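Trainee: Sharing a structure here in structure tokens format.
The values are calculated or read from the model by the stated rules, or taken from the named source; none is laboratory data. Model, not experiment: these values are computed from the prediction. So basically every Cβ, Gly included, is an ideal-geometry build from the backbone, and we count neighbours across all protein chains shown. When the accessible area is computed, the model is the full protein with side chains, heavy atoms only, and any ligands, DNA or RNA have been set aside. Shrake-Rupley method; radii C 1.70, N 1.55, O 1.52, S 1.80 Å.
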Amino acid sequence: MKNTFTMTDNRTDTSYEFDILDGTRGPSVVDISSFYSQTGMFTYDQGYTSTASTKSAITFIDGDKGELRHRGIDIEDLVENHSYIEVCYLLLKKRLPTPEEAKGFDLELRHRSFIHERMKGLFDSFPISGHPMAIMNSAVAALTVFYGDHISIENEEEALEMAARIIAKMPTIAAFSYRHSMGIPFIYPDVNRSFTENFLYMMRAYPGGVMKIGNDGENTISPVEVKALDAIFSLHADHEQNASTTTVRNVASTNAHPYVAISSGISALWGSAHGGANEQVIKQLEMIGSVDNVDKYIAKAKDRSDPFRLMGFGHRVYKNFDPRAKILRGLQDQLKDELKLDSELMKIASKIEDIALNDEYFVSRKLYPNIDFYSGVILTALKIPTSMFTPMFVIGRTVGWIAQWLEYKEDAKAKIARPRQLYTGE
Ligand code: SDX
């Protein structure tokens, strides 16, 4: 049997044959790269609902089963048994690190977590009302001023150094953006702290103040907080060809600097239909205000004439529970006492979930809670302000973006992204 797919143009009764390419898991694809040259027509798929834009070996998602794997390892296993740094290593180097390799990588990230002193002026140039995502976006693009515009990915060491640099600097850029918006002095990274603890330190410490690990009050960081945030970063690490990763790959295809590709990914992620949803979920839960109001908003979400959407619900790929949402919901239950999670917000969220999971409108459209529905309650308990929710998504996802950028560059057949259109003009 030929591994091909035949299509017939019934207007001319002409058949066209295309190769079927099989992956190692998931749906096969029909290679339609010769479609235009064979038929004189383009295929049409607004929003790419049935289109594979690339090959990739980084992340596999099964939307029907609600499965997510990085380099073949289940997300549940990674969050349970590995740190975010180890997940970064896995995405970049295609395997989990040995303990020594993990230690070396952790140390490298600590030493690369500083940003050029001249960048501080960039933060100061923003009004304090500036959204941290706007500041982060600009700061990441500004990094290209300090790091050469030619990245030869043939030199693996240089390419991985470029990747480690942006992963390491993102928490510092995020923390500086936050402290600028609060009008408080920057706290520099502390090389004696791990990646995730260091971020909380840069967000919370008083200038010159001692910030220690412990549970004795305000000026401390608890190990439970570090573990919860580390899990959140791992859950956001990568997610196949989502809108922001597709943006990063498209920018990679023009040979622009990798850091402006990452900056473009930050722009795409900011949208409320994508990573910006986590900030909107909490705002929505606060707006709903009490479990008594939930029915009214569920009705609005179902009303097609009403633009209101339930933030944190639905997903292009998952037509089952987002496995990351399940893990976060478990984390919420596990941490609600230790982190004193906001029980009112949790009650509203679980009421929404109970109704939506049984209501025909959501069930028929396979709308389930996604990662953004649960992350906000935990981030709030970690004293992360709502304006910093999407920046947290950026910190976690930077490794996915740069791993996908590297994979794109390693693909000798990669071409500049240049889709066509159905012209409807004059
Ligand atoms: C992320 O791609 C990724 O992997 C993204 C992400 C990642 O890790 O990178 O997983 C992170 O972005 C998660 C999604 C966060 N966004 C939100 O929570 C915003 C709310 N959700 C929606 O805007 C929507 O569900 C999307 C954008 C997530 C998915 O949109 P699709 O796949 O284009 O689906 P659609 O808009 O065609 O909706 C199908 C139907 C429509 O109704 P009908 O026209 O069939 O009557 O479902 C309805 C929609 O109106 N619908 C919703 C809804 N989401 C879809 N109705 C009410 N509330 C919602 N949230």
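Trainee: Calculate what fraction, in whole %, of the accessible area of the chain sits on carbon and sulfur atoms when a 1.4 Å probe is rolled over the protein chains.
Mentor: After summing per-atom areas, the C and S share lands at 51 percent.
Trainee: Would you mind computing, in nm to one decimal, how far apart the modelled labels at LYS319 and ILE355 are, each placed 7 Å from Cα along Cα→Cβ?
Mentor: 2.6 nm
Trainee: Given 37 °C and 0.692 mPa s, how large is the Stokes-Einstein diffusion coefficient of the stretch 73-426 in µm²/s, with Rh as the Kirkwood radius over Cα pairs?
Mentor: 155 µm²/s
Trainee: For HIS131, what is the net charge nearby, where nearby means another residue's Cβ is under 15 Å from its Cβ and Lys, Arg count +1, Asp, Glu -1?
Mentor: After counting each charged neighbour, the total is +1.
Trainee: Which parts of the stretch 393-426 would a label at GLU154 reach, counting a residue when its backbone N lies under 15 Å from a point 7 Å out along Cα-to-Cβ?
Mentor: In the stretch 393-426, the label zone of GLU154 (backbone N under 15 Å from the point 7 Å along Cα→Cβ) covers 410-412.
Trainee: What net charge is computed for the residues neighbouring ALA356, neighbours being all others with C-beta under 13 Å from the C-beta of ALA356, Lys and Arg scored +1, Asp and Glu -1?
Mentor: Taking every Cβ under 13 Å from that of ALA356, the sum is +1.
Trainee: Let me ask another. For LYS227 and LYS383 in one chain, what is 0.36 nm times their gap in residues minus the Cα-Cα distance, to one decimal in nm?
Mentor: Extra length from LYS227 to LYS383 when fully extended: 54.7 nm.
Trainee: Extending each Cα 7 Å along its Cβ direction at SER267 and MET287, get the distance between those two points in nm, one decimal.
Mentor: For SER267 paired with MET287, the spin-label model returns 2.6 nm.
Trainee: Moving on to the next point. Cα-Cα over 25 Å: which of LYS65/LYS296; LYS227/LYS409; LYS300/LYS351; LYS326/LYS347; LYS103/LYS340?
Mentor: Violating the 25 Å limit, Cα to Cα: LYS65/LYS296; LYS227/LYS409; LYS103/LYS340.
Trainee: Applying 1/(1 + (r/R0)^6) with R0 = 41 Å to the Cβ-Cβ distance of ASP9 and ASP64, what FRET efficiency is obtained, to the nearest 0.05?
Mentor: Calculated value: 0.80.
Trainee: Counting only other residues whose beta carbon sits under 11 Å from that of MET170, what net charge do I get with K and R as +1, D and E as -1?
Mentor: For residues surrounding MET170, the net value is +4.
Trainee: Taking every pair of Cα atoms in the stretch 262-301, average 1/r, invert it to obtain the Kirkwood radius, and report Rg/Rh to two decimals.
Mentor: For the stretch 262-301, the value is 1.17.
Trainee: What order do you get for 50-58, 310-318 when each peptide is scored by the mean count of other beta carbon atoms within 10 Å, highest first?
Mentor: My ranking of the peptides, most packed first, is 310-318, 50-58.
Trainee: Follow-up. Considering only protein heavy atoms, what per residue accessible area in square angstrom results for the stretch 320-426 with a 1.4 angstrom probe?
Mentor: Ligands and nucleic acids excluded, the result is 47 Å² per residue.
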